[in-house]
Structures are given as C-alpha cells and as structure tokens.
Amino acid sequence: MTRKLFGTDGVRGEANSDPMTAEMALRLGAAAGRYFRRDSSNGHRVVIGKDTRLSGYMLENALTAGLTSTGMNVLLLGPVPTPAVGYLTRSMRADLGIMISASHNPAKDNGIKFFGPDGFKLSDEAEAEIEAIVAGEIRLAQPQNIGRAKRIDDGLGRYVEYAKTTFPARDRMSGLKVVVDCANGAAYKAAPQVLWELGCEVIPVGVEPNGLNINEKCGSTHTQAAAEAVRASGADLGISLDGDADRVMILDENGQVADGDQIMALFAKRWAEQGKLRGGALVATVMSNLGLERFLDGQGLRLERTKVGDRYVVERMRAGGFNLGGEQSGHIVMTDYATTGDGLMAGLQFLAAMAESGQRASELVTQFETVPQMLKNVRYQAGQAPLEADNVRKVIAAAEAQIAGKGRILIRKSGTEPLIRVMAECEDEGLLSATVEGIVAAVEAAI
C-alpha cells in the first residue's frame, strides 16, 4: 500500500490547514481506533501525549472524539516528551500511543505520531493500512461500546522516575552545573526535574511555554541560547532539547556544540569498551558524516546506514539486534532504555561519561574530525516536482561524476516539510561548495 497522508514521522503540517485540521484528526483517531480494536471487548486503551503548541488542544480533543467513537478508552497525559509516550504505552499496557507534536518545527505546525502496543513507532505498512481506513467508511462502535476519556495526572512523574533509573547508580553528579534548554516544549518540567533530583545544579532555559514560542530562538535547532547560558553561568555542560525532547545537542563548558554524530561516536566507543554494544555496530542514516564511518572503522566497529528518519533507524536496530543508533540531527536511540530517540536520556549518558572518565565536556564532544559537509534546503510548493526536471537530473548526474571518489552527494525530499535537501561531503571544500550551489541553482530554476 502507498502512503500519502503519512510522512517519515507521522502526519504533519500547518495547524488548521489540511491535513492538520480537527476534522482530519478526528478521522485519524477513528481509523487508528478501528485498526487497533481487534475485538468487541471494552478493554482497549490509548494514551495521548502532546507538546506545548496551542493547536495541541484542538487536535487532542478531535483525536479523543475519533478514538472513543470506535470504542477506545483514552488516557490523556498532557504535555510530555515523545519518548514518554513510547514508554507509557508499553507500561500502561495500551493498544496504541499517540504523540501530538511537530518536533523541532515552529509553533504554527503540528503533527500526530503513532506508537504500537510495544512502544515503538508504527511500520510503513501499518500506517498505510490506517490511511486506507481514513479514506473509506469507518465503522463506529455501538452506543453502549463508546469509549471513555480520562486524564492521567501522574504520567509525567512516572517518566521522570524511569528516566532517573537510566543514569548509573554508582555515578554522582553533585557539584555539576548543567544548562538545560527545553525549547519551551514538552520537557519543560521533566528535564530540569530529573537533572535536579540526580544532584545537578540546574540552569533552565526555554521553560516558559505560552503555546506560541516552542522552538523559538531556543532548543536543539537554535543552540545559541544554551551556549550563552553556559558561558554566562560557567556551567559544565549544556543539554539542548527540541520541542518534543526526542533529540538533543550537547554543549561543552565553552559553548561548543556536539551534534548527534559526535555523541553517537562517544557512546559507541564507550559501550564497545564496556562490552555493552550489541552487534559491533552503530545504526545511523545516510546523513551521518563520513568522518563518523571512518572513526568507527578505526575502533573495529561498523556503521549501518538507513534512509532518513529515526523510525527507520529503529527498524534496522530491531531487525539486526543492535542497541545504539540515531541521527546527526540529535536523535539518539538507545533501545536498552527507550523505544525512540530520547534527548534527556542521551544527556544523562553523556553526564555518565563525564563522571566515569573524569574528563570535562570539551574533552568528550569531539571524537573525530568531520569531513567537510554542506547542506542547503530549497523550499517548493505543493504539486511541484523539481527533481524530475530534465535539467536538474543532468546537473545532478554531472556533479556525481565530478565528485566520484572524492566524496558523496545526497539529494532528497524532506519527509516533514516541503523542502528539497541538497547535501554533499568532500575533502575539497571548493568542489564541495560548487557542487551544492550548482544543484541548488538548478532546483530553484525548476520551481
């Protein structure tokens, strides 16, 4: 089955515009309820979490109406990180988990992500089946079988307590000063609380959500706010999360940023030394830097690449029995602890590395020299297909021939925004720039 409604991370778009309307959320809820309600019993349940976007109220209510109309009992968690939904779906023996969030996108956008009863995101095939139900006639429950909705007040507390258990009990963080930027998003309560309860002196940033300021000049995509706070406070570390807290950027005591590749390199090396890295490999996407691949090779480890999207990383991890993976953008997936990327838990693992090695953050954030990489985005309108234009194909083919043996080119459509992403890596920075700029110019001319 093909998918048009679902992208690489659920359904996403601008709030109150197709497909992020209350009407579509209602149909999605009803379709998901019908898909997961395998029998006529009344014991089916779904947990719903959300981030701090204003549109979350609208979508939460619409999803609840759709789900209860097919007989699902809805448990409302309120604002919680995405990984908390994965954890609580499994912990509360739910049939389905839903997170309402557009992750790192601005407040005007929103999205709906689905988790199966095992706490993992749904497969492409399951999403395609739900999409097919949305497009058809949805069979509703009999009046006596309509579901109920209930707020779960301690859902966040359950996640906080679990997150703390992932930090080694033998390690201590007393005396460490940590800046945590919560992007005015889903972790604005959980992240500072976990760090404080584990003994850190916490300097919180981005913890005053108003429904409209999520990811606004803060968080993992705008690390300047955390960097300034680190330098101003003399902090030992900065942890910068995105709006739903499933990705992270780490900052050292000087405000220098380590992206997901550097964090994964550190974890892979440490876990391999400790005998904890399963399969002798790290799973990452085609976007990860060539320098990471070379670093792992030098450690006697492998890099298993997937297409872009943390769900594809997780699918490969599960299929191959690997326990560490992620994305350059900061999704760090540790299946020993979580079913999806968890920025807070990744931050705790970095703090554990500091505690156990006795090294400062600046000695840990750079594990390898990156191969020069350039990424540019070109926005296009619905209905346009610039990558299919003859001239664009010719320019790309010529660029690939020129860079062959010296680097690589990756061109793809974003799965969450109407963007063409043009990325290249090459030791020759002049050739790198000319390659990317040439392709971008061709794509823009085709729009």
Cα→Cβ-extended label distance, 7 Å offset, between R379 and R412, nm: 2.2
With just the Cα atoms defining each centre, how far is the range 403-447 from the range 1-71? Give it in Å. 36
About the Cα centre, charge dipole magnitude for the chain (Lys/Arg +1, Asp/Glu -1 at Cβ), debye: 1160
Please name which of G43, Y337, L63 has its Cα lying farthest along the dipole of the chain towards the positive end, using unit charges on Cβ (Lys, Arg +1; Asp, Glu -1) and the Cα centre as origin. G43
Two-decimal log10 I(q)/I(0) for the range 40-93, as the Debye equation yields it once each C-alpha is a single scatterer, q = 0.20, 0.22, 0.31 Å⁻¹: -0.73, -0.85, -1.22
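Can you pull the percent of the range 100-254's accessible area that's carbon plus sulfur, 1.4 Å probe, other chains left in place?
On the way: 3270 of 6650 Å².
That fraction is 49 percent.
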Bins of 10 Å, starting at 0 and running to the largest distance - Cα pair percent for the range 1-72: 19, 50, 27, 4
Which values of log₁₀ I(q)/I(0), to two decimal places, follow from the Debye formula for the range 125-179 at q = 0.12, 0.13, 0.14, 0.20 Å⁻¹ with a uniform point scatterer at every Cα? -0.68, -0.72, -0.75, -0.94
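Given the Cα-Cα distance of V286 and E125 and 0.36 nm per residue of separation, how much length would full extension add, in nm? Write out the running numbers ahead of the final one.
On the way: separation 161, 0.36 × 161 = 57.96 nm, distance 2.21 nm.
In short, 55.7 nm is gained.
Which order do you get for L431, L88, L375 if you rank them by accessible area with a 1.4 Å probe, largest at the top?
Working: L431 20, L88 0, L375 80 Å².
So the residues, ranked largest to smallest area, are L375, L431, L88.
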Rg and Dmax of the range 197-355, using alpha carbons, in Å: what are they? 15.6, 48
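Just to confirm, what accessible area per residue do you get for the chain at 1.4 Å probe, in whole Å²? Let's see the in-between values first.
Numbers: 17870 Å² over 447 residues.
Solvent-accessible surface per residue comes out at 40 Å².
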Pseudo-spin-label distance W196 to S362, built 7 Å along Cα→Cβ, given in nm, is 2.9
Please build a GNM for the chain, connecting alpha carbons under 10 Å apart, and tell me which residue among E253, E137, E216 fluctuates the most. E137
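Which percent of the accessible area of the range 1-99 is formed by carbon and sulfur heavy atoms (probe 1.4 angstrom)?
Working: 1690 of 3470 Å².
Ligands and nucleic acids excluded, carbon and sulfur reach 49 percent.
Where Rh denotes the Kirkwood radius from the mean inverse Cα pair distance, what is Rg over Rh for the range 405-446? Can you show the working numbers first?
Numbers: Rg = 11.2 Å, Rh = 11.0 Å.
Value, to two decimals: 1.01.
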Of G321, G211, G116, which is the most mobile in a GNM of the chain whose springs link Cα atoms less than 10 angstrom apart? G321
At a probe size of 1.4 Å, how large is the accessible area of D236, to the nearest 10 Å²? 50
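Would you mind working out the magnitude of the charge dipole of the range 224-375 relative to its Cα centre, with +1 at each Lys and Arg C-beta and -1 at each Asp and Glu C-beta, to the nearest 20 Debye?
Details: 14 positive and 21 negative charges, 101 e Å.
For the range 224-375, the charge dipole is close to 480 debye.
Just need the relative contact order of the chain here, percent rounded to a whole number, with Cα pairs under 8 Å and 6+ apart. Display every interim value, and only then the final one.
Values: 1033 pairs, mean separation 58.8, N = 447.
With pairs under 8 Å counted, the relative contact order is 13 percent.
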Of all alpha-carbon pairs in the range 304-431, indicate the percentage at a distance above 27 angstrom. 39
Based on the Cβ-Cβ distance from R393 to A319, what FRET efficiency comes out when R0 is 30 Å, to the nearest 0.05? 0.35
Each label point is 7 Å from the Cα along the Cα-to-Cβ direction; what then is the distance between the points at M92 and Q402, in nm? 5.5
Measure up K164/K189; K376/K406; K189/K276 against 23 Å on the Cα-Cα distance and list the ones that go over. K189/K276
Classified through the alpha carbon gyration tensor (a ≥ b ≥ c as square roots of its eigenvalues; rounded if a/c is under 1.5, else prolate when a/b is larger than b/c, else oblate), the range 184-223 comes out prolate
Just the Cα atoms of the chain: what Rg and Dmax do they give in Å? 21.9, 69
Starting from the Cα gyration tensor of the range 2-130, take the square roots of the eigenvalues, sort them a ≥ b ≥ c, and report rounded, prolate or oblate (rounded when a/c is under 1.5, otherwise prolate if a/b is larger than b/c, else oblate). rounded
Surface/4 of the Cα convex hull for the range 287-344, nm²: 4.0
Once every DSSP H run of n ≥ 4 in the chain is given -39500 (n - 2.57) and the sum is divided by its residues, what mean residue ellipticity at 222 nm do you get, rounded to the nearest 500 deg cm²/dmol? -11500 deg cm²/dmol
Considering only K50, K276, K406, give the residue with the highest GNM mean-square fluctuation for the chain, with springs between Cα atoms whenever their separation is below 10 Å. K406
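The values are calculated or read from the model by the stated rules, or taken from the named source; none is laboratory data. The structure presented is a predicted model; accordingly, all values stated were derived computationally and were not measured. Reconstructed Cβ throughout: ideal geometry from the backbone, glycine too, with neighbour counts over all protein chains shown. When the accessible area is computed, the model is the full protein with side chains, heavy atoms only, and any ligands, DNA or RNA have been set aside. Shrake-Rupley method; radii C 1.70, N 1.55, O 1.52, S 1.80 Å.
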